[in-house]
1. Please work out how much accessible surface Phe33 shows to a 1.4 Å probe, ignoring ligands, DNA and RNA, in Å² rounded to 10.
2. Of Lys74, Lys90, Lys28, which is the most mobile in a GNM of the chain whose springs link Cα atoms less than 10 angstrom apart?
3. Over the chain, with a Gaussian network built from C-alpha contacts below 10 Å, which listed residue (Asn73, Asn41, Asn27) shows the highest mean-square fluctuation?
4. Compute the length gained on full extension between Asn27 and Asp58: take 0.36 nm times their separation in residues and subtract their Cα-Cα distance, giving the result in nm to one decimal.
5. Per residue, how many Å² of accessible area does the chain show with a 1.4 Å probe?
6. Across 5 Å bins from the origin, how do the percents of Cα pairs in region 57-108 run, short distances first?
7. Mind computing the radius of gyration and Dmax over the alpha-carbon atoms of the chain? Å is fine for both.
8. Tell me which residues come under 5 Å, amide H to amide H, from Arg60 once H is placed; ignore anything under 5 positions away on its chain.
Amino acid sequence: PAAPPAGPPVSEDFCSKSDIRVAMNRNKGSFRFCYQRELQNNADLSGKVVLRFTIGTDGRPKGASIASSTLNNKTAHGCILKTLRRMTFKPPKGGVCPVRWPFSFQPK
(Lines give C-alpha, C1' and ligand atoms only; values in the text may rest on other atoms or scores of the structure.)
Protein backbone atom coordinates (compact mmCIF):
# COMPACT_ATOMS: atom_id res chain seq x y z
CA PRO A 1 0.00 0.00 0.00
CA ALA A 2 1.19 3.50 -0.83
CA ALA A 3 2.13 5.70 2.10
CA PRO A 4 -0.02 8.80 2.56
CA PRO A 5 1.54 11.90 1.02
CA ALA A 6 3.95 13.40 3.50
CA GLY A 7 3.05 16.91 4.51
CA PRO A 8 5.24 19.15 6.61
CA PRO A 9 6.21 17.64 9.97
CA VAL A 10 3.86 18.41 12.87
CA SER A 11 5.26 19.20 16.30
CA GLU A 12 4.65 21.54 19.21
CA ASP A 13 8.42 22.04 19.16
CA PHE A 14 7.93 24.24 16.06
CA CYS A 15 5.71 26.61 18.04
CA SER A 16 6.75 29.72 19.84
CA LYS A 17 4.28 29.87 22.73
CA SER A 18 5.10 33.54 23.27
CA ASP A 19 4.38 34.39 19.59
CA ILE A 20 1.06 32.55 19.81
CA ARG A 21 0.19 34.35 23.07
CA VAL A 22 1.02 37.73 21.51
CA ALA A 23 -1.19 37.00 18.47
CA MET A 24 -4.09 35.71 20.61
CA ASN A 25 -3.85 38.70 22.97
CA ARG A 26 -3.80 41.09 20.01
CA ASN A 27 -7.19 39.63 19.00
CA LYS A 28 -8.59 39.33 22.53
CA GLY A 29 -11.10 42.13 21.90
CA SER A 30 -12.52 40.33 18.86
CA PHE A 31 -12.89 37.05 20.76
CA ARG A 32 -14.49 38.91 23.67
CA PHE A 33 -16.89 40.65 21.27
CA CYS A 34 -18.13 37.23 20.07
CA TYR A 35 -19.02 36.38 23.65
CA GLN A 36 -20.44 39.76 24.66
CA ARG A 37 -22.75 39.90 21.65
CA GLU A 38 -24.34 36.60 22.77
CA LEU A 39 -24.34 37.71 26.41
CA GLN A 40 -26.97 40.32 25.44
CA ASN A 41 -29.35 37.45 24.58
CA ASN A 42 -28.41 35.29 27.57
CA ALA A 43 -27.29 37.13 30.72
CA ASP A 44 -26.10 33.87 32.33
CA LEU A 45 -23.83 32.86 29.46
CA SER A 46 -20.44 31.76 30.71
CA GLY A 47 -18.02 28.92 30.17
CA LYS A 48 -14.73 27.70 28.85
CA VAL A 49 -13.98 27.20 25.16
CA VAL A 50 -10.91 25.31 23.96
CA LEU A 51 -9.87 25.99 20.37
CA ARG A 52 -7.90 23.42 18.41
CA PHE A 53 -6.03 24.43 15.27
CA THR A 54 -2.75 24.03 13.44
CA ILE A 55 -0.48 26.89 12.45
CA GLY A 56 0.60 26.16 8.89
CA THR A 57 4.01 26.82 7.39
CA ASP A 58 2.61 30.14 6.09
CA GLY A 59 1.53 31.26 9.57
CA ARG A 60 -2.17 30.79 8.79
CA PRO A 61 -4.39 28.77 11.13
CA LYS A 62 -5.69 25.55 9.56
CA GLY A 63 -8.36 23.09 10.62
CA ALA A 64 -9.78 25.32 13.36
CA SER A 65 -12.38 23.65 15.54
CA ILE A 66 -13.87 23.80 19.01
CA ALA A 67 -12.09 21.02 20.92
CA SER A 68 -14.39 21.40 23.92
CA SER A 69 -16.80 23.95 25.29
CA THR A 70 -19.00 24.55 28.31
CA LEU A 71 -20.27 27.78 26.69
CA ASN A 72 -22.68 25.82 24.47
CA ASN A 73 -23.40 28.70 22.13
CA LYS A 74 -23.09 27.90 18.41
CA THR A 75 -23.20 31.56 17.36
CA ALA A 76 -20.36 32.51 19.72
CA HIS A 77 -18.39 29.42 18.59
CA GLY A 78 -18.83 30.38 14.92
CA CYS A 79 -17.72 33.95 15.61
CA ILE A 80 -14.67 32.76 17.59
CA LEU A 81 -13.65 30.41 14.76
CA LYS A 82 -14.15 33.16 12.17
CA THR A 83 -11.95 35.50 14.21
CA LEU A 84 -9.25 32.83 14.47
CA ARG A 85 -9.33 32.09 10.73
CA ARG A 86 -8.61 35.77 9.95
CA MET A 87 -5.50 35.78 12.14
CA THR A 88 -1.90 35.26 11.13
CA PHE A 89 0.88 33.90 13.30
CA LYS A 90 4.63 33.86 12.88
CA PRO A 91 5.30 30.83 10.66
CA PRO A 92 6.56 27.88 12.71
CA LYS A 93 10.16 26.89 12.13
CA GLY A 94 10.52 23.42 10.64
CA GLY A 95 6.92 22.37 10.02
CA VAL A 96 3.41 22.96 11.30
CA CYS A 97 2.38 23.54 14.89
CA PRO A 98 -0.66 22.01 16.64
CA VAL A 99 -2.31 24.37 19.15
CA ARG A 100 -4.97 24.02 21.82
CA TRP A 101 -5.98 27.39 23.25
CA PRO A 102 -8.41 27.83 26.18
CA PHE A 103 -10.69 30.82 26.76
CA SER A 104 -12.80 31.47 29.84
CA PHE A 105 -15.81 33.71 29.35
CA GLN A 106 -17.68 35.21 32.28
CA PRO A 107 -20.03 38.14 32.56
CA LYS A 108 -18.27 41.02 34.32
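The values are calculated or read from the model by the stated rules, or taken from the named source; none is laboratory data. Source: prediction; values computed, not measured. Ligands, DNA and RNA are excluded from the accessible area calculation, which covers all protein heavy atoms including side chains. Shrake-Rupley method; radii C 1.70, N 1.55, O 1.52, S 1.80 Å.
1. 110
2. With Cα springs under 10 Å in the chain, the top fluctuation among Lys74, Lys90, Lys28 is at Lys74.
3. Asn41
4. Details: separation 31, 0.36 × 31 = 11.16 nm, distance 1.88 nm.
Full extension of this stretch gives 9.3 nm more.
5. Working: 6650 Å² over 108 residues.
The answer is 62 Å² per residue.
6. 4, 16, 27, 23, 15, 10, 5, 1, 0
7. Computed over the Cα atoms of the chain, radius of gyration and Dmax are 15.4, 57 Å.
8. Under 5 Å from the amide H of Arg60: Phe89.
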